[in-house]
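Report on the following structure.
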Amino acid sequence: MREGVSGIILAGGSSRRMGRDKAFLPWGDTTLIEHLLERLKLVTDELIVAVKDARAFRHLKATVVEDCVPDAHALGGLYTGLRAACHERCFVCACDSPFLNPDLIRFLVEQVDGCDLVVPKTRQGLQPLHAIYATAALPTIEKQLHGRQRDLQALIPQVRAKIIEAGTIHRFDPDELSFFNVNTPQDLAQALAIQRRVSI
């Protein structure tokens, strides 16, 4: 890659449906968030974790930043992570996405020239929590936060966005595993079964 890329993991959610913090779910010999950090090390030059309360995350080999805007959901975490980033291009994901695909992430990064956002579109729709954001989007995000509009989907039409269609995504990830989220105990069981099969 021609210049640096920051990797930002959003880990400030409440994990209500899981019943415990998703970031620290077991994943092999480690935790889910540590697994994600290892995956992102393959494609990024800086690792950032945006959280509500940093105390439980201090041991991670990453820059841990607390939300600048309390209770602003994923948009607030995105804002916090982008503000902390050293690089203009940032890959952003949630802490509950165990099947990150480095080849797909590299491809998305390569599409960012002239855009504020490169967002995949899968069979389930747009995926703003597996996307490349440019720090140039920060003023627009800040304006949206001031307006108390916290929906990430609402941000997309307000910035220079490039949508990557499902057919292109499937060249790298035909099963769309990159977008699998572990929200419930049932999801975790399914993810662990997939992990045994695909060894990610």
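The values are calculated or read from the model by the stated rules, or taken from the named source; none is laboratory data. Computed from a predicted structure; not experimentally measured. As a convention, Cβ positions derive from the backbone with ideal geometry for all residues, glycine included, and neighbour counts pool all protein chains shown. Ligands, DNA and RNA are excluded from the accessible area calculation, which covers all protein heavy atoms including side chains. Shrake-Rupley method; radii C 1.70, N 1.55, O 1.52, S 1.80 Å.
Considering region 35-63, the residues that are of a type in the set (A, V, I, L, M) and in a helix (DSSP H, G or I) include one that is nearest to Gly12 (Cα to Cα), namely Ala54. So, in region 158-200, of the ones that are of a type in the set (Ser, Thr, Tyr) and under 17 Å from His130 (Cβ atoms), which residue ends up surrounded by the fewest Cβ atoms within 10 Å (Cβ to Cβ)? My answer is Thr168.
Give me the residue from region 22-33 that is more than 18 Å from Leu129 (Cα to Cα), open to solvent by 20 Å² or more (accessible area, probe 1.4 Å) and in contact (Cβ under 8 Å) with a residue 24 or more places away in the chain and, out of that set, farthest from the chain's Cα centre (by Cα).
Taking the candidates together, the pick is Gly28.
Among the residues of region 64-77, those identified as of a type in the set (Val, Ile, Thr) and either outside any loop (DSSP other than H, G, I, E, B) or on the phi > 0 side of the Ramachandran plot (or both) are Val64, Val65.
hydroxyl-bearing (Ser, Thr, Tyr), in contact with a Ser or Thr (Cβ under 8 Å, 6 or more places away or on another chain), at pLDDT 95 or above and within 25 Å of Glu110 (Cβ to Cβ): is that true of Thr63 in this structure?
Details: hydroxyl-bearing (Ser, Thr, Tyr): yes; in contact with a Ser or Thr (Cβ under 8 Å, 6 or more places away or on another chain): no; at pLDDT 95 or above: yes; within 25 Å of Glu110 (Cβ to Cβ): yes.
So Thr63 does not fit the description; no.
Taken as a whole, the structure leaves Gln149 outside the set of residues that are open to solvent by 40 Å² or more (accessible area, probe 1.4 Å) and touching a Pro at 6+ places or on another chain (Cβ under 8 Å).
Candidates Glu88, Glu66: the one that is open to solvent by 40 Å² or more (accessible area, probe 1.4 Å) and within 26 Å of Pro26 (Cβ to Cβ) is Glu66.
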